[in-house]
């Protein structure tokens, strides 16, 4: 059974409005409208041939767009048909092979910000010694469920096999790599490099390439021995294994490659 909700529970908008009131700009946020009126105003701008109550009761509206409907976006259509009237948001207003904007920021010869598109190899994978010690490429995509580290304490979230296997975050391994390490699905494994170690449960699948493993981002850092440097993480947080260096001058911080090793944990 579901527990009774707390007294006067608040939705996200209620919380934002109360915070804005305390910070002194509540009326700027709400424009002196109640949340219900705000929803009505937003809905009226959507050009949907249903009343708000009809839409609320139905729950959805399907736009009947024909292939020639002008509401269908065609990429670069206006620029291609009328380039002078609809330039692109580039310094030249055109498609650019040479990027003047990158040149203005970094010059013409920055090693990780080329003015002409080119492949830049990862600092880790081009290091033969590191590749020998840690032969698997780690990827850390968003999970199917949840958002970053949110909801990881919820039972329905932890019961989903893509999020947890017997209490541990799964690591996806190709059958070829698993066989050479005597690893089977649900085995407890150590994923490690010189930066740290995390414990995961193996999930063997051909949907991951050989020499590549996947651990979803967002795991809660849970060191086996809090306060001890190098203590294995039980929460499956892959950040422990990633480089602290910014990968490229043009990149905000999305690390797309780290090398790791995997061994079966002896229990």
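Observations
- Qualifying residue in region 134-145 (condition: surrounded by 19 or more Cβ atoms within 10 Å (Cβ to Cβ), in a strand (DSSP E or B), in the same structural domain as residue 240 (by TED's automatic domain parsing) and in contact with a helix residue (DSSP H, G or I) (Cβ under 7 Å, 6 or more places away or on another chain)): yes
- Some residue of region 192-207 being crowded, with 18+ Cβ neighbours inside 10 Å and either out of contact with any strand residue (DSSP E or B) (no Cβ under 9 Å at 6 or more places or on another chain) or not in a strand (DSSP E or B) (or both): no
- Breaking point among (1) surrounded by fewer than 19 Cβ atoms within 10 Å (Cβ to Cβ); (2) under 14 Å from residue 263 (Cα atoms); (3) within 22 Å of the chain's Cα centre (by Cα), for residue 213: (1)
- So residue 235, is it surrounded by 17 or more Cβ atoms within 10 Å (Cβ to Cβ), out of contact with any strand residue (DSSP E or B) (no Cβ under 9 Å at 6 or more places or on another chain) and either part of a helix (DSSP H, G or I) or not assigned by TED's automatic domain parsing to the domain that holds residue 109 (or both): no
- Conditions (1) surrounded by fewer than 13 Cβ atoms within 10 Å (Cβ to Cβ); (2) modelled with pLDDT under 85; number of the one not met by residue 167: (2)
- Failed item in (1) under 18 Å from residue 242 (Cα atoms); (2) surrounded by fewer than 10 Cβ atoms within 10 Å (Cβ to Cβ), with residue 109 passing the rest: (1)
- Within region 1-24, not a single residue is modelled with pLDDT of 90 or more, in a loop (DSSP other than H, G, I, E, B) and within 33 Å of the chain's Cα centre (by Cα).
- Close pairs from region 68-88: first surrounded by 10 or more Cβ atoms within 10 Å (Cβ to Cβ), partner modelled with pLDDT under 85 and not in a loop (DSSP other than H, G, I, E, B), Cβ under 8 Å, at least 6 apart: none
- Options 41, 101: the member that is within 33 Å of the chain's Cα centre (by Cα), part of a helix (DSSP H, G or I) and under 26 Å from residue 14 (Cβ atoms): 41
The values are calculated or read from the model by the stated rules, or taken from the named source; none is laboratory data. In this text, all values refer to a predicted model and were calculated from it rather than measured experimentally. Note that each Cβ is placed from the backbone with ideal geometry, even for glycine, and that neighbours are counted across all protein chains shown.
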